[in-house]
Every structure is written in structure tokens, then in C-alpha cells.
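Asks: One structure is given below, represented as C-alpha cells, and several questions about it will come after.
No lab work stands behind these numbers, since they all come straight from the coordinates. This structure is a prediction, so every number in the text was calculated from the model and none was measured. Note that each Cβ is placed from the backbone with ideal geometry, even for glycine, and that neighbours are counted across all protein chains shown.
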Amino acid sequence: MDGIVHSKIFLLALTIAVYYGAFNLYKRFRFPLLNPLLVSIVAVICILHALGIDYAEYYEANSVINFMLGLSVVSLAYLLEQNVERLKGNTVPILASIFMGSLIAVFSIRFVLWLMGADSVIVWSLQPKSVTTPIAISIAESTGGIPALTSLGVVFAGILGSVVGPGLLSLFGVRDSVARGLAMGTASHAMGTAKAMEMGAVEGALGGAAIGIMGILTAILIPIVERIAAVMA
């Protein structure tokens, strides 16, 4: 029995089964806090702890899913191509909005952590929280952050955005499909884009575009901010 529990096939099947169950739970009740990813994370952590399975072992067993995540992001280009007409004539406003999103994402977390008296390492780890994980980790490592903490921040930002983002956009009267898609992709990267795809094809396409542009702009912005902060210190 112990050999089966620690097998790669079992751990891969566990991930798929847990997410499938969490997705159907959310589909049935449509309660924001029952976000499939959030429920899956909690469930998998509890199961791994109960079975005594090391995270490194679990991560290796699910390497095929990690590989497919990269392909899924690339597939968003298809949606973007199908809705390219919505981009024509809006290039400057789109780039400007994502740039402002990048500025707000970086400076807001720095301000909050400054108010809390957080150590510089915490700031370096969490300031790239609003970009996709590979880019966020690369940025954090270059500034002296902790990759594991960065990953946690990225996941938290993604889940929070996908849970409360649609409601906030509706509350503030944001109805335009382009604006909603850009907001979700800019604030909550892939998880926000996945939620945007539920809103519509245009929202999903613009969310996918925002992921890439947000990553590039944030990677450029953070080193500049760090240099300015070092000079002012």
C-alpha cells in the first residue's frame, strides 16, 4: 500500500481527482470562496500531510502538469488572434493601462509592507506578486528575494483576484469586455485570466495579452525602483 501511495501515477491521479472534485463543487454552488484552485491547494496539503508525502516527491510526480501549464498559456494566443479586431486603434490605451497596473502593483505592496515594518527581503520577495510565476521568481532572485515566498505571493494574488475581481469590476461599473479582461490579467496573471475566460472570449484574450505585457513591464520597472530606493536610502 505504501508503495502505491508514493508512486508517480498515484500522485498525478490525486492531483487530477482533487481538482476535478473541487471544480464540480464550485460549479454546483458558485460560491467565490470555493474557488477550485484554493480548495485543491488546501485539500492536497491535507492529504500529503496525512500520507506523509514530501512536497518534492509530489512536485516531481506532477512535472507533466507543470509542463502543460506553459502550453496552456501559449494557447491563449489563439483567443487573442480571434479577437485582434478589438485591439486595433486601442494599442496605446491598452499599454498605458497595463503600465499603470504594473506601477500600482509594485508600489502598493511596497507601501503596505513599509507600513508593516517588513524586512527588505520580504519586500523583494513580494513586489512581483502580480506577474506569472516564472517571471516573478526570476525578478525576486535578481533582487535578493526568497523564491518560495514569491510563489506564495503569486498564488495568493491570483486566487484573490479571481475570487473578488469580477465582483469589484461590476461594483465600480466596469462593463467593457476589453477593460475587464485587462484588469483581470494585469492584477491576477494566469488565474485571473482563467476567470476572465469564463466571462467571455474577449475578456480571456485580453487577459492573456496582459499576462505577457505585465511580466515584461514589471521586469523592467522593479530594478529601476530598487536603484532609486538604494540611492534614496
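Asks: Look through LEU48, LEU33 and report the one residue that is surrounded by 12 or more Cβ atoms within 10 Å (Cβ to Cβ) and under 25 Å from ALA148 (Cα atoms). Please lay out each step first, then the result.
Replies: Numbers: LEU33 fails: surrounded by 12 or more Cβ atoms within 10 Å (Cβ to Cβ).
Step by step, each of LEU48, LEU33 is checked, and only LEU48 is surrounded by 12 or more Cβ atoms within 10 Å (Cβ to Cβ) and under 25 Å from ALA148 (Cα atoms).
Asks: Would you point out which residue out of ALA190, ALA196, ALA179, ALA183 is surrounded by 19 or more Cβ atoms within 10 Å (Cβ to Cβ) and either free of Cβ contacts under 8 Å to residues at least 24 places away in the same chain or over 14 Å from the mean Cα position of the chain (by Cα) (or both)?
Replies: Result of the check over ALA190, ALA196, ALA179, ALA183: ALA196.
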